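Let me begin by presenting the structure, written as structure tokens, before commenting on it.
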Amino acid sequence: MQTLLPLAGQVAALLKERRETIAIAESSAGGLLSAVLLAVPGASAYFLGGAVVYTRKAREILMQLPREAVTGMRSASEPYALLLARTASARFSASWGLAETGAAGPTGNPYGDSAGHSCIAIAGLAEAAITLETGNTDRLANMRVFTAAALELLHRQLSR
């Protein structure tokens, strides 16, 4: 987490400066994205909430997204990450929604993605989505990389 704090601090400073807020929906990052944003002093100025949306049941209960909302959509994909980001932003009335979904490892997911696969999306004042393939089976290393990539995507959007 220590290596992620400098970037989280930069993101936090930009959110505060812009008087904007964020809500998180993460999956294979396992809460690390929320934790690193909350580790920055003054997080209550920008962090509205987050959820670890790791299962279908979590998606339905925490995000209130029924099965019909994801019909024809694969979980660890950019369209799904965008849906989660949009939903997080809307549910929390946040300036930004940031979502991550993928396969941390050591094995892939049931959808055929290898360990190290992640899709990350941001929605709100602008939208963007990326797919990341680390090629690594190390679960903890992938969680850190996924979190860093999500923070970098957010930082790029806030710096525009």
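So what is the diffusion coefficient of region 2-160 in µm² per second by Stokes-Einstein at 4 °C and 1.567 mPa s, using a Kirkwood Rh over Cα pairs?
Working: Rh = 15.2 Å.
Calculated translational D: 85 µm²/s.
R0 = 25 Å: FRET efficiency of Thr3 with Thr131, Cβ-based, nearest 0.05? Don't jump to the answer; show the numbers that get you there.
Values: r = 22 Å, r/R0 = 0.90.
Computed FRET efficiency for Thr3 and Thr131: 0.65.
Once neighbouring chains are kept in place and the probe is 1.4 Å, which whole percent of the accessible area of the chain is contributed by carbon and sulfur? Write out the running numbers ahead of the final one.
Values: 3950 of 7340 Å².
That share works out to 54 percent.
Counting only GluC sites (Glu not before Pro) that sit in a DSSP loop (anything but H, G, I, E, B) with at most 16 other Cβ atoms within 10 Å, what is the longest stretch of the chain containing none of them?
Working: sites that count: Glu20, Glu127.
Answer from the scan: 21-126.
Which one, Ser93, Met73, Leu140, projects farthest toward the positive side of the charge dipole computed for region 1-154 from Cβ point charges (K/R +1, D/E -1)?
Ser93
Over the C-alpha atoms of region 118-158, what are the Rg and the largest Cα-to-Cα span, Dmax, in Å?
Cα radius of gyration and Dmax of region 118-158 are 11.0, 34 Å respectively.
Before rounding to the nearest 500, sum -39500 (n - 2.57) across all DSSP H runs of length at least 4 in the chain and divide by the residue total; then give [θ] at 222 nm in deg cm²/dmol. Present the calculation step by step, with values, prior to reporting the outcome.
On the way: 5 runs with 63 residues, N = 160.
Roughly -12500 deg cm²/dmol at 222 nm, from the helical runs in the chain.
If one computes P(r) from the Cα atoms of region 7-95, what percent of pairs lie at distances over 18 Å? Before the final figure, lay out each step's value.
Numbers: 1722 of 3916 pairs.
I get 44 percent for the Cα pairs in region 7-95 exceeding 18 Å.
Quick one: putting +1 on the C-beta of Lys and Arg, -1 on the C-beta of Asp and Glu, what dipole do you get for the chain around its Cα centre, in Debye to the nearest 20?
Using Cβ point charges on Lys, Arg, Asp and Glu, the chain gives about 300 debye.
The values are calculated or read from the model by the stated rules, or taken from the named source; none is laboratory data. Fair warning: this is a prediction, and the values are worked out from it, not measured in the lab. FYI the Cβ positions are ideal-geometry reconstructions off the backbone, even for glycines, and counts take in every protein chain you see. The protein model used for the area step is the full one, side chains on, heavy atoms only, and it has no ligands, DNA or RNA in it. Shrake-Rupley method; radii C 1.70, N 1.55, O 1.52, S 1.80 Å.
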